[in-house]
Amino acid sequence: SLSNATMHTYQVGPVATLMELELIKQWNALVGFEEGDGVMVSGGSQANLIGMMLARQKAVPNVKEQGLRGKTLVAYISDQAHYSALKAVNVLGIGSENLIAVDSDQEGRILPEALRQAIEDSLSKGHTPFFIGLTAGTTVTGAFDPVAPCAQIAREFDLWLHIDGAWGAPVLFSDSHKHLLADCELADSVAWDAHKLMNVPITAAVILVKQAGLLNQACSGGGSDYLFHHDENADFNLGQRSIQCGRRADALKVWMSWKAI
Ligand SMILES: *Cc1c(COP(=O)(O)O)cnc(C)c1O
């Protein structure tokens, strides 16, 4: 806050950029994303938006240049999922009618068989399923969706698998609770808030992605004539993998807390 640092290029925020990159490495190690990358975002809502944006890119590779071109993409979450999924389908041009809330069990966990059925229903209508969003710690009751059976379905239908761990992902720090997120390395992306269960002052959140480079593909574009120069530190320009330009140095707060505890 005092230095008012921003995070679009390495040149304007070198120390905070290196902190953010190291944190993302550590976060990815907890999740089990060995070759991953990521970027800090304004909250779990934006992390979920970016997860869905990466899924859209996988389903429609030229979407950045050409838009959806009349395709009806369909996303699946549980009926307990956070409302940010509704914001994401709005922003990404998917449409709320193409966001399917799949039934959950009595504990609030998505039912994998109902998920499969919903995907098959969409296919029979000629629609294009593209995204499964699981929740690790539902907002109201703290339910953790089962990852392995849903990852199997995602593989079978070649869909992007995202985990919204906005509040529950920090169980990965705990030997006694990390079983709740078992098999999370099977996902393609994970949303994680440090400003909830980790008690870091708001806002501090990250989107983690299993395959490095996809964020850059989806989010980069423009600004190269005045901001993103091809200098020796170009690989460290986090603005190329973000949908924000100016961005707070939230990494500092997480870095300090993580070191301290
Ligand atoms: C709080 C929450 C979000 C939204 O996170 P923000 O950081 O408030 O944007 C998303 N998903 C779940 C499950 C949440 O509990």
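Please treat every number below as a calculation from the coordinates, not as lab data. Bear in mind that the values here come from a model prediction, so they are computed numbers and not experimental data. When we count neighbours, we look across all protein chains shown, and the Cβ atoms used for this are built from the backbone with ideal geometry, even at glycine.
Some points to look at:
- Proportion of all alpha-carbon pairs of the chain beyond 22 Å (%): 53
- Within the stretch 28-47: backbone nitrogen closer than 15 Å to the ASN90 label point (7 Å, Cα to C-beta): 45-46
- Over 32 Å between alpha carbons, listed pairs LYS25/LYS71; LYS58/LYS259; LYS71/LYS210; LYS87/LYS196; LYS87/LYS259; LYS64/LYS259: LYS25/LYS71; LYS58/LYS259; LYS87/LYS259; LYS64/LYS259
- As a length-normalised measure over Cα pairs under 8 Å and 6 or more apart, the relative contact order of the stretch 96-254 settles at 15 percent.
- Along its principal axes, the stretch 40-183 has C-alpha extents of 47, 34, 24 angstrom, given from the largest down.
- Relative to the longest principal axis of the Cα atoms of the chain, helix 14-31 runs at roughly 30 degrees.
- Separation in nanometres of the label points that stand 7 Å from Cα toward Cβ, at GLN152 and GLN11: 5.3
- Taking a ≥ b ≥ c as the square roots of the eigenvalues of the alpha-carbon gyration tensor, the stretch 153-226 is classed oblate because a/c is 1.5 or more while a/b is no larger than b/c.
- The packing ranking, built from the mean of other Cβ atoms within 10 Å per residue, places the peptides 154-166, 247-259, 95-107, 44-56 in the order 44-56, 154-166, 247-259, 95-107, highest first.
- Backbone N under 15 Å from the ILE261 label point (7 Å along Cα→Cβ), restricted to the stretch 163-204: 166-178, 192-202, 204
- The angle separating the long axis of helix 147-157 from the principal Cα axis of greatest extent in the chain is about 80 degrees.
- With contacts taken as Cα pairs under 8 Å and at least 6 residues apart, the stretch 170-243 reaches a relative contact order of 22 percent.
- Beta bridge orientation in the chain: antiparallel %, DSSP, nearest 5: 40
- Sorted from greatest to least, the principal axis extents spanned by the alpha carbons of the stretch 131-190 come out as 32, 23, 16 Å.
- Computed from the Cα positions only, the extents of the stretch 1-110 along the three principal axes stand at 45, 41, 31 Å, in decreasing order.
- Equivalent ellipsoid, the stretch 19-77 (semi-axes from 5 times Cα gyration tensor eigenvalues, Å): 27, 12, 11
- Rounded, prolate or oblate (a/c below 1.5 giving rounded, otherwise prolate when a/b exceeds b/c) for the stretch 65-149 by Cα gyration tensor: oblate
- The angle between the Cα long axis of helix 44-59 and the longest principal axis of the Cα atoms of the chain comes to about 70 degrees, rounded to the nearest 10.
- Order by protection proxy (mean Cβ within 10 Å, highest first), peptides 194-205, 77-88, 216-227: 77-88, 194-205, 216-227
- For the stretch 208-261, with +1 on Lys and Arg beta carbons and -1 on Asp and Glu, the positive-most of GLY223, ASN237, LEU208 along the dipole: LEU208
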